[in-house]
Amino acid sequence: MKIDAIVLREIRMPLVQPFQTSFGTTTDRRIMLVEIKAEGFIGWGECVAGEHPYFSDETIDTAWLVTAQELAPALASADPEHGGKCPGIFRQVRGHRMAKAALENAIWDLEAQMRGIPLAELLGGIREVIPCGVSIGIQSTMEKQLSEIEKELAAGYQRIKLKCKPGWDVKMFEAVRTRWPNITLSCDANSAYRMNDIEHLVSFDDFDLLMIEQPLWSDDFYFHSLLQKRLDTAICLDESIRNRRDALAAIEMESCRIINIKNGRVGGFSEAIAVHNAAEERGIPVWCGGMLETGIGRSHNIALSSLENFLLPGDVSASKRYWKEDIIEPEVTVSSKGEITVPQSIGRGFGVREDLIKQLTVRKEEIRALAFA
Ligand code: OSB
Ligand code: MG
């Protein structure tokens with residue numbers, strides 16, 4: 001495809017309520033969107049890097065820099081035939097996977113439009129609906145925690161994930177389990193524990209959790225494998241899995257029994273599919289993680305979640321849980337059965353509200369292919 005221009009935009013959007021994890025609290029999001037114009041079509045991508053380097057070492061500012069200086073110029077002069085070509089085009093740039101994913105996913109989006117098929121189909125998806133869970137941030141009181149859970153169960157969500165950290169774990173699990181003995185529950189520590197906490201972590205087995213997500217270091221496999229040996233509950237890795245090789249290492253070492261796939265964390269759809277396939281071949285179920293995305297990233301997550309081995313409910317939930325007004329039309333909605341319907345229309349299946357994006361934009365930069373370079 002012949003790329004005419006790549007437009008980077010920073011938009012600012014306040015969350016409907018603060019989202020607290022073991023690594024910090026997010027109130028207002030700063031999000032880099034990429035728009036790629038080619039042959040009369042427009043592909044969109046969203047960079048999931050945060051405002052601070054707390055979840056990963058990337059931020060919106062590092063992503064902007066490396067996209068404007070390295071990735072976008074390389075892509076614009078490569079005229080890729082499809083999204084799967086992007087990892088090769090970006091190979092010289094080490095790391096910066098969230099920045100790479102935003103561009104790569106926009107190319108897949110463009111290709112789906114050019115071929116006139118749904119993005120989910122282009123990715124190899126087979127599901128018509130995807131099962132949905134929610135991630136519940138750390139709350140200031142137990143009362144608030146219970147009422148948040150009550151609200152999401154009433155909305156139909158199939159799995160509740162409890163963000164936890166030392167001091168906000170077993171007592172909270174106990175309160176939740178006392179109230180709801182049978183619901184599907186998991187927890188996510190975002191690397192808040194250390195090996196000194198191992199006996200404490202083993203006590204999480206009492207709460208019949210579907211999984212414990214990333215309890216230890218964000219870059220670790222070995223200590224997770226020691227912990228997994230001590231636990232009945234499955235460990236799920238999020239932060240540690242950067243690519244297919246990491247998934248193979250983690251599975252081989254028995255560091256986890258479940259994998260969370262995030263498009264941005266692994267560098268885009270190509271690697272996300274590679275991780276999915278590697279896990280599937282080894283009998284390890286996966287689910288799609290979330291990064292407080294707007295509707296653009298959310299629509300990409302929906303398409304990805306339609307692949308066969310996305311066997312567990314993901315953190316892909318309704319737009320209104322995060323945004324007063326989403327930047328896509330229609331917004332993402334979840335049925336009373338806790339499912340999202342995978343669009344069968346061309347491309348992402350959600351329109352982009354360009355006027356609203358214009359209003360929210362605080363920074364913009366356009367990159368063109370070097371003419372006659
Ligand atoms: O670890 O899954 C995580 C949000 C930001 C950073 C990391 C994580 C999360 C979530 C939110 O849990 C999931 C969502 O977008 O709904
Ligand atoms: Mg996580």
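How much mean residue ellipticity at 222 nm does the chain get from its helices, if each DSSP H run of length 4 or more adds -39500 (n - 2.57) and you divide by all residues, to the nearest 500 deg cm²/dmol? Numbers along the way, then the final one.
Numbers: 14 runs with 122 residues, N = 373.
The helix contribution divided over the chain gives -9000 deg cm²/dmol.
If R0 equals 30 Å, the separation of the Cβ atoms of Asp206 and Glu308 corresponds to a calculated FRET efficiency of about 0.35.
The label point for Glu254 and the one for Arg282, both projected 7 Å from the Cα toward the Cβ, are 1.3 nm apart. Roughly speaking, what is the centre-to-centre gap between segment 62-78 and segment 306-353 when only Cα atoms are used, to the nearest Å? First find each Cα centre; the distance between them is then 29 Å. Taking His300, His200, His96 as the candidate residues, the one with maximal mean-square fluctuation in a Gaussian network model of the chain, Cα springs under 10 Å, is His200.
Taking each full run of DSSP H in the chain as one helix, which ones are at least 24 Å long along their axis (Cα atoms) and have mean Kyte-Doolittle hydropathy of at least -1.0?
In the chain, the long hydrophobic H runs are 97-115.
Given R0 = 45 Å, the distance between the Cβ atoms of Lys324 and Asp232 translates into a calculated FRET efficiency of 0.60.
Each label point was placed 7 Å from the Cα along the Cα-to-Cβ direction; for Asp219 and Val16 their separation is 3.8 nm. When the pairs Lys2/Lys100; Lys100/Lys364; Lys151/Lys324; Lys37/Lys324 are compared against a 21 Å limit on Cα-Cα distance, Lys37/Lys324 fall above it. Within the chain, what is the longest stretch that has no trypsin sites (Lys or Arg not before Pro) placed in a DSSP loop and near at most 15 other beta-carbon atoms within 10 Å? In the chain, the maximal stretch lacking such sites is 95-193. Each Lys and Arg adds +1 at its Cβ and each Asp and Glu adds -1 at its Cβ; summed about the Cα centre, the chain shows a dipole of about 300 debye. The mean sequence distance of close C-alpha pairs (under 8 Å, at least 6 residues apart), as a share of the length of segment 132-288, puts its relative contact order at 15 percent.
Near Met172, within a Cβ-to-Cβ distance under 12 Å, what is the net charge of the other residues, with Lys and Arg +1 and Asp and Glu -1?
Surrounding charge for Met172 is +2.
Which distance in Å, rounded to a whole number, links the C-alpha centroids of segment 213-231 and segment 1-33? Here the two parts' Cα centres lie 30 Å apart. Pair-distance distribution P(r) for the chain, from all Cα-Cα distances in 20 Å bins starting at 0: 31, 59, 10, 0 percent.
Using the Cβ-Cβ distance between Ala68 and Thr333 with R0 set to 35 Å, the FRET efficiency works out to roughly 0.50.
Label sites at Glu354 and Thr25, each approximated as a point 7 angstrom past Cα along Cα to Cβ, lie 3.9 nm apart.
Only the coordinates and a few stated rules stand behind these numbers; no lab work does. Keep in mind that what you see is a predicted model, and the values were worked out from it rather than measured. Neighbour counts are summed over all protein chains in view; Cβ atoms, including those assigned to glycine, are modelled from backbone coordinates with ideal geometry.
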